[in-house]
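Let me begin by presenting the structure, written as structure tokens, before commenting on it.
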């Protein structure tokens, strides 16, 4: 058992790591790549927003099917989405410039990446149901390390070798994702103890899920408001830091720092949860988001941006494992993917709104106005999440 658990942990850490690494290229550097192709801020915002919107519509249907399917493994779905992304990135090598084709390929690639997250998260819950309670925070920290490495290196590499480096990095990382997922798939199929640990559970439709979890849905509306600014930083960081005097290299280093400071919090998250519980950890993460973006909004020097990003250790680094574990605690097995998909959908919806409005605000009202909007939504969302966390009861075992 321990040897198999060790192998599953390594394979799952590989999935989490390569998933985040692939986003470091095609996601974090989307503005850099598309600006070089001649797209405007508003067009870039529209591209990311359409991708998120597409994922929002597809994800509930796919999650519902995954929860109710008895034949298709989560790893099969991850492989299918991964190969689709690989095809989109490959096509981008052959088409350049300010064209509808480039725009469409980026929309599809980003949408596919958005679809992956709930299935990867639900895979952790599936392991637990089969008797392999792996350390999610530790595995997720592999994503932070990988993200930090890729973003830290891509900034200087893009300056030296050009924007094609972004596509190459994304392609390699996606290939690593597929390899890690294949290893995980093999371990699941080889497991002879699955049938003895699994019990028959009642299927839950999407409509029933919504009716049963109204408070959880409201909580996730708060997540959406908080992630308005998170998505804004992801898509428009370069535009937001340039007025302070930061450069493309700073952009890469800021992303790298943000990812690196996540590692200690994620590695030791299981210990923190045992002591404080997922509810309290979620509330701490909300405070971390507010403090982080408060510093970012009022930064007058580049060094303050680095201080802001360092606050990631008590923001996203705690939020992500806390939300995944909290969702697993309050959801039944047949709600697993739908529950994980809901907060992912809310983050994607936040991306739709922030990228459409963000590009417009930057083009017509400037960075200070956009910062103010982001900060207000962050505070309101954090308050809403904390209120709903207090209201929702975690079922006893």
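Quick check on region 194-203. Is at least one of its residues at pLDDT 85 or above and assigned to a helix (DSSP H, G or I)? No.
Among the residues of region 107-160, those that are surrounded by fewer than 22 Cβ atoms within 10 Å (Cβ to Cβ), outside any helix (DSSP H, G or I) and touching a helix residue (DSSP H, G or I) at 6+ places or on another chain (Cβ under 6 Å) comprise 130, 131, 134, 135. Among the residues of region 337-358, is any out of contact with any helix residue (DSSP H, G or I) (no Cβ under 7 Å at 6 or more places or on another chain) and more than 16 Å from residue 122 (Cα to Cα)? Yes: one or more hits. For first residues located in region 166-183 and over 16 Å from residue 123 (Cβ atoms), partners that are surrounded by fewer than 17 Cβ atoms within 10 Å (Cβ to Cβ) and at pLDDT 90 or above and lie 6+ apart or on another chain with Cβ distances below 9 Å form the pairs 167/90; 167/93; 168/93; 171/90; 171/93; 174/83.
In summary, residue 45 fulfils each of the numbered conditions (1) at pLDDT 80 or above; (2) part of a helix (DSSP H, G or I) with the single exception of condition (1). On inspection, residue 225 passes the criterion of being in contact (Cβ under 8 Å) with a residue 40 or more places away in the chain and either within 24 Å of residue 114 (Cα to Cα) or not in a helix (DSSP H, G or I) (or both). Take the conditions (1) farther than 19 Å from residue 101 by Cβ; (2) surrounded by fewer than 22 Cβ atoms within 10 Å (Cβ to Cβ); (3) in contact with a helix residue (DSSP H, G or I) (Cβ under 9 Å, 6 or more places away or on another chain); (4) at pLDDT 80 or above; residue 35 misses just one of them, which is (1).
Grab the helices (runs of 4 or more DSSP H) fully contained in region 294-365, keeping just those with 3 or more residues being within 15 Å of the chain's Cα centre (by Cα) and buried (at least 23 other Cβ atoms within 10 Å of the Cβ). Don't jump to the end; show me each part of the working.
Details: elements: 302-310, 316-330, 336-364.
Result: 316-330, 336-364.
I'd like to know if region 58-77 contains one or more residues that are modelled with pLDDT of 85 or more, crowded, with 18+ Cβ neighbours inside 10 Å and more than 30 Å from residue 367 (Cα to Cα). Yes, some residue in region 58-77 is modelled with pLDDT of 85 or more, crowded, with 18+ Cβ neighbours inside 10 Å and more than 30 Å from residue 367 (Cα to Cα). Could you please let me know if residue 86 is in a helix (DSSP H, G or I) and either without any contact (Cβ under 8 Å) to a residue 24 or more places away in the chain or more than 15 Å from residue 18 (Cα to Cα) (or both)? Against the criterion (in a helix (DSSP H, G or I) and either without any contact (Cβ under 8 Å) to a residue 24 or more places away in the chain or more than 15 Å from residue 18 (Cα to Cα) (or both)), residue 86 does not qualify. Only a single criterion out of (1) assigned to a helix (DSSP H, G or I); (2) modelled with pLDDT of 85 or more is not satisfied by residue 95, namely (1).
On the basis of being over 14 Å from the mean Cα position of the chain (by Cα) and crowded, with 24+ Cβ neighbours inside 10 Å, does residue 44 make the cut?
Values: over 14 Å from the mean Cα position of the chain (by Cα): yes; crowded, with 24+ Cβ neighbours inside 10 Å: yes.
Answer is yes for this residue.
Using the structure shown, decide if residue 173 is modelled with pLDDT under 85, within 20 Å of the chain's Cα centre (by Cα) and in a helix (DSSP H, G or I). Before the answer, list the steps.
Working: modelled with pLDDT under 85: no; within 20 Å of the chain's Cα centre (by Cα): yes; in a helix (DSSP H, G or I): yes.
Judged against the criteria, residue 173 is not a match.
The values are calculated or read from the model by the stated rules, or taken from the named source; none is laboratory data. Just so it is clear, the structure is predicted and the values come from calculations on it, not from any experiment. All Cβ positions, glycine included, derive from the backbone under ideal geometry; neighbour counts span all protein chains shown.
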